Amino acid sequence: MARTGRSHGSAGASDEFARGDRSSPRPRPDPDATDDPMTTDPSAPTERCFVLLPGAGGASWYWHRVAPALEAAGHDVLAIELPGADEDAGLAEYADRTVATIGNREGVVLVAQSMGAFVAPLVAARVPVDAVVLVNPMIPRPGERPTDWWGATGSEPARRAAAVARGDDPEFDLERDFLHDIDPQIATALMDHDGPESDAAFLARCAFTAWPDVPIRVAAAADDRFFPLEFQRQVARERLGVDVDALPGGHLNALSQPEAVAQYLLRP
């Protein structure tokens, strides 16, 4: 989802999900109802609203293999469709769309994949969030532009060094470095739904002053060949002061390891 100029999705999503229509809030339990399981069972999980931000390209479809597990656990899911191809839409417009979709929902857990991490702090500055989860993220500093992030973090030298250590050609290869752990049918559908990311977002400054004072977790895929695990560890420590949680899969592990990603998101 951080591949420059492209987006990522996956197979099997319905047209309804791709339009981002799975955003209607569920009726909340009646706190006065004696037969309400949420009040009679103290161990029942609190309903949350997972707001899922995609990476470059803006396709909400990327999350379609993770969303059902979150919904099955009794939570709302808002998979945000961002206007990645719109040359007039930058990070501020991405945040506007996300904030409008969230509305007055409560219990928000803001989840951002890859370049979506540049949108997360802008949203968190405008709506109350309970937690932030960044997945294989491009973690921004205040005022940073996505186009500058690569050089500032040293992502490309890290990727090339990891490739050489594996015995691979250091030149980027889409199949080997991005799609290597994805089922071939899903990878084919991914390419069918891929779309461009405009320069407007890459050139926009991430206009925030600080990350929100809420729990922030960073999940890094152990076999991410685009943002290698040790590179992600370094960036998370330097920019957020946190250690990453290693998950299975590659950069697009919401497609290749949806169960693992969903279970991680469902952790308290």
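Structure values in brief
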item	result
Where labels lie 7 Å past Cα in the beta-carbon direction, separation of residue 150 and residue 238 in nm	1.7
Part-to-part distance (alpha-carbon centres) for segment 78-129 and segment 196-226, which is given in Å	11
Neighbour cut-off at most 16 other Cβ (10 Å), DSSP loop, GluC sites (Glu not before Pro), segment 74-135	87, 106
Coordinate range along principal axes, alpha carbons of segment 57-266, Å, largest first	50, 37, 35
Segment residue 245-residue 175, extension gain: residue separation times 0.36 nm, minus the distance between their alpha carbons	22.7 nm
Packing-based exposure ordering (other Cβ within 10 Å, fewest first) of 52, 82	52, 82
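The numbers here are math on the coordinates, done by the rules we state, and not lab data. The shown structure was predicted, so the numbers you read here are calculated from the model rather than taken from an experiment. When we count neighbours, we look across all protein chains shown, and the Cβ atoms used for this are built from the backbone with ideal geometry, even at glycine.
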